[in-house]
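What follows is a single structure, written as structure tokens, with notes after it.
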Amino acid sequence: MNITQGNDFQHLHDAAPSIRCPHCGVLVAMLAVSLPRFDLIHRFRLSTVGVAYRCSSCNSPVFARHTVSTLGNPVVLSPQVQLVEGGREPFEMQYLSGAVLDDFSEALTCYSTSCWNAFAAMSRRCIQSVADTLGAEGKSKVQAQLKELHSLGVADDATFEALEAIMLSGHDGAHPHLPALSAERASVLMQLLKDVLYQLFVRPAKIREAAELRKNAIANKSK
């Protein structure tokens with residue numbers, strides 16, 4: 001990506017980069033609608049600049065960072081795009097409600113913005129809400145689900161123990177003594193959290209829906 005001294009951006013519109021939109025999840029050509037000025041890049045000798053794109057699919061703004069590869073004429077920006085906001089993890093949110101829905105939604109927001117320790121705290125809070133919602137056996141159900149996932153080898157022992165401590169230890173989701181998260185461990189924690197919510201909320205709801213549809217079908221057939 002080149003930014004010329006005359007600030008002529010037509011060539012950028014003609015060769016728009018393909019980026020997966022963090023809002024709609026579609027891989028589309030992104031039209032640059034707000035770009036840094038050539039003279040200001042040189043004046044402040046910027047090494048990183050921001051570009052605002054428009055998603056061709058959902059028309060939402062997509063903000064990205066580019067490294068300045070060459071500070072000359074033209075200014076050459078790295079083709080690698082670092083999105084300021086990552087895409088939200090997909091999940092069937094319609095099967096969640098109340099505190100579980102609110103806490104998991106906030107956990108997804110923390111994850112999409114790479115706030116790993118905030119994501120860990122919200123994951124812990126979400127598990128607390130799950131246990132409260134399910135009643136007296138809530139925590140034991142979560143523990144049983146985590147043990148099953150561990151047996152499937154979704155993570156090495158050290159990683160799993162650290163993530164289990166984040167999800168189940170103590171009584172406060174923001175405990176400062178809990179282990180800090182890396183991006184890699186946050187990714188595993190996200191999959192664990194999604195699987196727990198799916199098994200404890202989404203799957204039972206779908207089974208109830210299927211049973212209700214079958215019941216209605218039998219009733220209609222007997223008329």
*Pairs only if they're at least six apart or on different chains, beta carbon under 7 angstrom, first in the range 83-107 and within 12 Å of THR133 (Cβ to Cβ) and touching a residue at least 12 places away in the same chain (Cβ under 8 Å), second in a loop (DSSP other than H, G, I, E, B) and aliphatic (A, V, I, L, M); list them, first residue then second.*
PHE104/LEU96
*Inside the range 20-47, can you point out the residues that are outside any loop (DSSP other than H, G, I, E, B), under 24 Å from the mean Cα position of the chain (by Cα) and of a type outside the set (A, V, I, L, M)?*
ARG20
*Search the range 181-223 for residues being acidic (Asp, Glu) and surrounded by fewer than 14 Cβ atoms within 10 Å (Cβ to Cβ), and hand back the single one that is nearest to SER112 (Cα to Cα).*
GLU184
_Can you confirm whether VAL51 is surrounded by 14 or more Cβ atoms within 10 Å (Cβ to Cβ) and assigned to a strand (DSSP E or B)?_
yes
*Can you pull out the residues in the range 23-50 that are within 20 Å of GLN80 (Cβ to Cβ) and either outside the structural domain of SER60 (by TED's automatic domain parsing) or free of Cβ contacts under 8 Å to residues at least 12 places away in the same chain (or both)?*
LEU27
*Matching entry among ARG65, ARG20 (being at negative phi, in contact (Cβ under 8 Å) with a residue 24 or more places away in the chain and surrounded by 15 or more Cβ atoms within 10 Å (Cβ to Cβ))*: ARG20
*How about the range 59-112: which of its residues are of a type in the set (Ser, Thr, Tyr), in a loop (DSSP other than H, G, I, E, B) and assigned by TED's automatic domain parsing to the domain that holds HIS11?*
SER60, SER78
*Counting only residues that are modelled with pLDDT of 90 or more and under 30 Å from THR4 (Cα atoms), which one in the range 75-109 is surrounded by the fewest Cβ atoms within 10 Å (Cβ to Cβ)?*
SER78
*asked:* With the requirement that a residue be at pLDDT 65 or above and assigned to a loop (DSSP other than H, G, I, E, B), what does the range 170-190 give you?
replied: LEU178, PRO179, ALA180, LEU181, SER182
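The values are calculated or read from the model by the stated rules, or taken from the named source; none is laboratory data. These numbers were taken from a predicted model, which means no experiment stands behind them. Note that each Cβ is placed from the backbone with ideal geometry, even for glycine, and that neighbours are counted across all protein chains shown.
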